[in-house]
Amino acid sequence: MTLHLGDTAPDFTQNSTEGPIQFHKWIGDHSAVLFSHPADYTPVCTTELGSAAKLVEEFCRRDVKVLAVSVDPVARHTDWIEDINETQKAHVNFPILGDQDRKVAGLYDMIHPKQNNTRTVRSVFTIDPKKSIRTILTYPASTGREFGEIFRVIDSLQLTDKYNVATPANWHNGDEVVISPSLKDKDTLTAKFPKGHRETTPYLRMIPQPSH
Ligand code: BEZ
C-alpha cells in the first residue's frame, strides 16, 4: 500500500514486547513515531534501538510516543533487548512490534523487494494526534538513522502547525524562520508579526522563531 503525507495512518492490532497494541488507541491524543528496522541481532539496528531508548525523554518532551517494528517475533525482540541494554548502556523503554505476519510492514509499505524480499527497510513515519501521516522517511538497511533529524522535523511540524511560518534549509529550533508565502496581506502580516520582519525578496521574508 502506498501511503502519502496527509493520509490517515493505517490502524492495526499487533503483538509487541509490551503486549498487544491497537495502534490508534495506543497513540491516543499524542503524536507517534513508528520506525522499522530490518532485523534483530544486527549491528546497525542495535545502535539505533539503543539511541532511541536514550532519547525517549526527548520524544516525551515533544509529546511523541515511540514504536519500533521488525518482522522478528516478540520473543526474539525480548532476548535482543537485553543485548541492546548491555552493549548500548541503554534501557529500551518503548514497545517493539513482532510483525512476523508482516501485517504492519504491508500496511506501511516497509518491504522494498529490491533491497530485501522479506525484511523491512528503515522507515520512519511521523503521525500526529489526528492520526494523519506528517512525515515519511526511508533509509536503506546499511544506513543508521540520525535521530537529531527526526527531532528537527518534529520541531518544525509542531512550530509550523502553530504559526503561519515555514522552516528553511538546515533550520534548527531557535533559528530564524520564513513567513509562509500564502501570507500576503500587509495588515494581517503586521498583526501576526508586530515586531516586523526582514525581507530579502517579496517572497523570502524572515522573522525570529515565534515561540522562542
Ligand atoms: C544492521 O542493522 O547492521 C544491518 C541490518 C541489515 C542489513 C545491513 C545491516
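Matching residues to (1) at pLDDT 95 or above; (2) open to solvent by 80 Å² or more (accessible area, probe 1.4 Å):
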| position | (1), (2) |
| --- | --- |
| K114 | yes, yes |
| T126 | yes, no |
| D175 | yes, no |
| H212 | no, yes |
Could you grab the pairs with beta carbons closer than 6 Å, sequence gap of 6+ or different chains, first residue in region 69-89 and more than 21 Å from A32 (Cα to Cα) and modelled with pLDDT of 95 or more, second one outside any helix (DSSP H, G or I) and among the acidic types (D, E)? D72/D40; R76/D40; W80/D40
Starting from region 109-126, keep only residues that are at positive phi and away from the ligand (no atom under 14 Å from the Cβ), then list their pairs with residues that are assigned to a loop (DSSP other than H, G, I, E, B) and open to solvent by 60 Å² or more (accessible area, probe 1.4 Å) whose Cβ atoms are within a distance under 7 Å, requiring at least 6 positions of separation or different chains. D109/M1; D109/T2
Any residue that is in the same structural domain as R134 (by TED's automatic domain parsing) and under 18 Å from the mean Cα position of the chain (by Cα) - is there at least one of those in region 69-77? yes
Is one or more of the residues making up region 76-83 crowded, with 22+ Cβ neighbours inside 10 Å and within 17 Å of I136 (Cα to Cα)? no
For region 160-171, check the following and say yes or no: at least one residue is modelled with pLDDT under 95, touching a Leu at 6+ places or on another chain (Cβ under 6 Å) and open to solvent by 30 Å² or more (accessible area, probe 1.4 Å). yes
Going residue by residue through region 32-40, is there one that turns out to be open to solvent by 20 Å² or more (accessible area, probe 1.4 Å) and out of contact with any Leu (no Cβ under 8 Å at 6 or more places or on another chain)? no
Filter region 143-165 down to the residues that are under 17 Å from T47 (Cβ atoms) and out of contact with any helix residue (DSSP H, G or I) (no Cβ under 7 Å at 6 or more places or on another chain) and list them by number. T143, E146, G148, E149, I150
Name, by its number, the condition in (1) more than 14 Å from the ligand (Cβ to nearest atom); (2) in contact with a helix residue (DSSP H, G or I) (Cβ under 9 Å, 6 or more places away or on another chain) that does not hold for I21. (2)
Checked against (1) charged (D, E, K, R); (2) part of a helix (DSSP H, G or I); (3) open to solvent by 20 Å² or more (accessible area, probe 1.4 Å), D11 satisfies every condition except (2)
Being surrounded by 18 or more Cβ atoms within 10 Å (Cβ to Cβ), among the aliphatic types (A, V, I, L, M) and more than 16 Å from the ligand (Cβ to nearest atom) is the filter; apply it to region 128-156 and report the residue that is farthest from the chain's Cα centre (by Cα). I133
Restricting attention to region 42-72, which residues are open to solvent by 40 Å² or more (accessible area, probe 1.4 Å) and more than 16 Å from the ligand (Cβ to nearest atom)? K54, L55, E57, E58, C60, R61, D63, K65
Any residue at all in region 182-191 that is more than 16 Å from the ligand (Cβ to nearest atom), open to solvent by less than 30 Å² (accessible area, probe 1.4 Å) and touching a residue at least 24 places away in the same chain (Cβ under 8 Å)? no
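The values are calculated or read from the model by the stated rules, or taken from the named source; none is laboratory data. Because the structure is predicted, anything quoted here is derived from the model rather than measured. All Cβ positions, glycine included, derive from the backbone under ideal geometry; neighbour counts span all protein chains shown. These area figures cover heavy atoms from the full protein model, side chains too; ligands, DNA and RNA do not enter into them. Shrake-Rupley method; radii C 1.70, N 1.55, O 1.52, S 1.80 Å.
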